[in-house]
Each structure stands twice: as structure tokens, then as C-alpha cells.
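The values are calculated or read from the model by the stated rules, or taken from the named source; none is laboratory data. Every value quoted in this text rests on a predicted model; they were computed, and no experiment measured them. Cβ placement follows ideal geometry from the backbone for every residue including glycine, while neighbour counts extend to all protein chains displayed. Calculation scope for accessible area: heavy atoms of the full protein, side chains included, ligands and nucleic acids excluded. Shrake-Rupley method; radii C 1.70, N 1.55, O 1.52, S 1.80 Å.
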Amino acid sequence: MASHEPEAIKGMPGKRYAFYPGCVSKGACKELKKSTETVCKHLGIELDELKEAACCGAGISDDVNEEMTDALNARTLAMAESRGLTLLTQCSTCQGVLNKINKELQRDKKKRDAINEILEDTGYQYDGTVEVKHLLWVLIDEAEYGLSRLKDHVKNPLTGLRVAPFYGCYILRPSDDLGFDHPHRPTSLDELISALGGEPVDYNGKSKCCGFPIQFMNPKNSFAMAGTHLTSAKKQGADTMVTPCPLCHLNLDERQSDAANVLQERGKLSGSIDLPVLHVPQLVALALGYTPKQLDMQTHIVSTKHVENKLSGVAAG
């Protein structure tokens with residue numbers, strides 16, 4: 001694999017998005033934000049970061065004060081609307097929360113008026129004109145960036161790398177809000193992996209919950225869920241797993257040793273799991289020619305050395 005930074009695409013007609021990075025990519029998963037910005041800069045996708053936007057409140061503030069959470073997310077949507085831009089997120093949980101309130105405000109003028117009354121002192125009003133898109137969808141959809149364009153700029157195909165897609169919850173559900181009639185929604189990760197030259201691994205659990213939402217209420221069951229998905233993917237020959245959600249990444253990567261311990265206690269595993277877990281933009285950037293070090297993959301809890309060695313072997317061959 002090349003050690004220098006790949007040359008970004010020149011002359012590519014760029015598209016600008018209001019970028020909502022979310023909380024986790026500024027804390028526990030800083031490598032996600034870095035790799036997203038790396039990929040977008042390389043592909044000519046312009047990001048206008050919403051630096052004053054609040055946390056989406058998933059599973060936290062919405063349980064305490066739903067109206068406040070709705071207002072904070074409406075404010076984020078209004079920030080994107082004031083710029084005349086589509087809102088882009090790299091976190092499928094943020095995407096799910098923002099899409100839910102967005103659809104409610106677009107359908108229910110009475111609720112939108114009530115939320116705008118709350119927002120009045122903030123200087124923002126929301127008219128319901130914004131679309132919320134995950135980075136994965138932007139890369140897949142031809143109307144946004146599209147796989148046909150992405151394929152043309154793959155420098156180091158992920159040949160021989162068996163990648164287990166882990167969709168998780170929010171990138172697929174609820175189907176009514178996400179538009180499940182869209183042909184790419186249920187297969188987007190598989191299509192992306194193939195476009196990058198890798199081999200998608202089919203396994204039981206790729207579209208199930210990672211267990212993160214119950215981690216603080218029932219940690220053992222949470223870790224058992226994550227461990228079951230990881231071991232299922234590994235049994236099918238996966239070299240690595242990729243997910244569009246940093247919260248899934250935390251449960252699958254950061255807590256992988258805990259997952260192994262729980263499965264061992266239950267007699268379902270002997271030894272460790274040792275399956276690297278990548279973020280979507282990291283996988284893309286590897287195919288564009290960036291090195292694991294440039295993508296801060298060394299910061300992962302589970303070593304990604306196996307991925308690096310496998311791709312280095314391909315490049316050397």
C-alpha cells in the first residue's frame with residue numbers, strides 16, 4: 001500500500017452538504033470524523049460543518065424531555081435549511097433520530113409551529129425542506145455521488161478481503177421514514193464492499209441490533225448480542241467487519257473483549273474473537289489508497305493489523 005497521501009480528484013463537480021458529525025466522532029471515535037473528512041476531500045464532496053449543532057439526544061435526552069430533544073434537532077435541521085443544503089451525517093443513529101423528527105415536522109404543521117415557537121429565541125425557524133442523508137447513501141446513490149463514479153477512483157482494490165457488513169438498526173429502520181422502496185437501502189453496505197473490490201460476507205445478524213442500547217441496563221446481554229454477531233461473521237470467513245454507526249463500533253470493537261468473556265461464561269466461545277471492526281469511510285479510504293495509519297486505525301481497540309497485512313500482500317503481489 002502506498003505510504004504517501006493519494007492525490008485527490010481534480011475537476012470533479014463537487015456537491016456541498018451541511019455536515020453533522022455527531023458526538024461520538026468527536027470523542028471515542030475521532031478516527032471516524034477524520035476518515036470521513038479524508039474521503040470527502042478526496043472525492044470533491046464539500047462539507048460545511050454545523051459546529052454549533054447540539055447532540056441528537058438518542059436514548060438520553062429524549063427519554064427525559066422529548067419536546068426539548070425535538071427542538072434541539074429541529075434547530076440542527078434549521079441550520080442546514082438556512083444554508084440551503086442537505087444534511088449529511090456519518091452516524092446511522094444520528095441519521096435515525098434526525099430523520100424521525102424531520103418526517104414528523106414535515107407531516108405535522110401544528111407540531112412544526114409549536115417547535116418553531118420554542119426556537120424563536122435561537123434565531124432559527126424550520127420550514128421542513130431539508131433532507132437527511134447518511135454518508136453511505138451519498139456514496140451509493142447516483143443522484144448524490146454514486147458507486148459508478150467511486151469505482152473509477154479505486155486505487156487499491158480490496159481484493160481478497162472478506163468484509164462482513166453490519167447494518168445495525170437505524171440505517172434500515174423504520175422503513176416508512178427511510179423509503180424502503182429505494183433499491184439500495186437494504187443492500188447498500190454489500191454493494192459498497194463489492195464496488196471497492198472486497199468480498200461481502202453473508203452471516204446471520206448483519207441487520208440486527210448490536211446491543212448498544214441496552215448496554216447500561218443489561219450489559220451481559222448487550223455484549224452477548226455483539227459477540228454473537230462477531231463470531232457468526234468470523235465463522236463465515238470474515239477478515240473484518242464494517243459498520244455505518246459509531247455506537248455499533250463501540251460495542252463491537254471497544255467492548256469486544258467483554259463480549260468474548262460473556263460468550264465464554266455461557267459456553268459459546270473458547271478464546272478471543274479478534275475481528276477488526278472498521279468505519280465505512282475507513283474502508284473506502286483504504287481502497288482510495290490511504291494507509292491504515294493515515295486513517296488512525298491504530299487507535300482501534302481490536303488490532304486492524306490483519307487487514308493491513310492482507311491488503312499489503314495484495315499490493316505486493
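Tabulated values for the structure
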| item | result |
| --- | --- |
| Asp202 versus Met68: modelled label distance in nm, points set 7 Å from Cα along the beta carbon direction | 4.7 |
| Compactness index (Cα Rg / 2.2 N^0.38 Å), the stretch 195-317 | 1.06 |
| Check: the stretch 187-253 dipole with +1 on Lys, Arg Cβ and -1 on Asp, Glu Cβ, in debye | 360 |
| Probe 1.4 Å, protein heavy atoms only - accessible area per residue of the chain in square angstrom | 43 |
| Those GluC sites (Glu not before Pro) in the stretch 27-59 that DSSP places in a loop and that have at most 12 other beta carbons within 10 Å | Glu52 |
| Förster-model FRET efficiency, 22 Å R0, Ser257 and Leu172, C-beta, rounded to 0.05 | 0.20 |
| At most 16 other Cβ within 10 Å, DSSP loop - trypsin sites (Lys or Arg not before Pro), the stretch 262-296 | Arg266, Lys268 |
| Value in Å of the Kirkwood radius, where the stretch 110-260 supplies the Cα pairs that are averaged | 17.5 |
| Distance (nanometres) between label positions extended 7 Å along Cα→Cβ at Arg16 and Glu120 | 3.1 |
| Centroid-to-centroid separation of the stretch 245-287 and the stretch 26-98 [C-alpha atoms, Å] | 25 |
| FRET efficiency for Asp48 and Asn218, using Cβ-Cβ distance with R0 set to 45 Å, rounded to 0.05 | 0.65 |
| Unit charges on C-beta of K, R, D, E only; dipole of the chain, Debye | 880 |
| Gain on full stretching of the segment that runs from Glu104 to Cys55 - 0.36 nm per residue minus C-alpha separation | 15.8 nm |
| Sequence-distant aspartates and glutamates (8 or more away, or on other chains) whose Cα lies within less than 13 Å of Lys110 | Asp127 |
| Length gained when the stretch Ile301-Ser270 is fully extended (0.36 nm per residue, less Cα-Cα span) | 9.2 nm |
| Above-threshold pairs, the threshold being 22 Å between Cα atoms, out of Lys34/Lys133; Lys34/Lys220; Lys34/Lys100; Lys34/Lys155 | Lys34/Lys220; Lys34/Lys100 |
| Shape of the chain, Cα gyration tensor, a/c cut at 1.5 | oblate |
| Carbon and sulfur %, accessible surface of the chain computed with the full protein complex present, 1.4 Å | 49 |
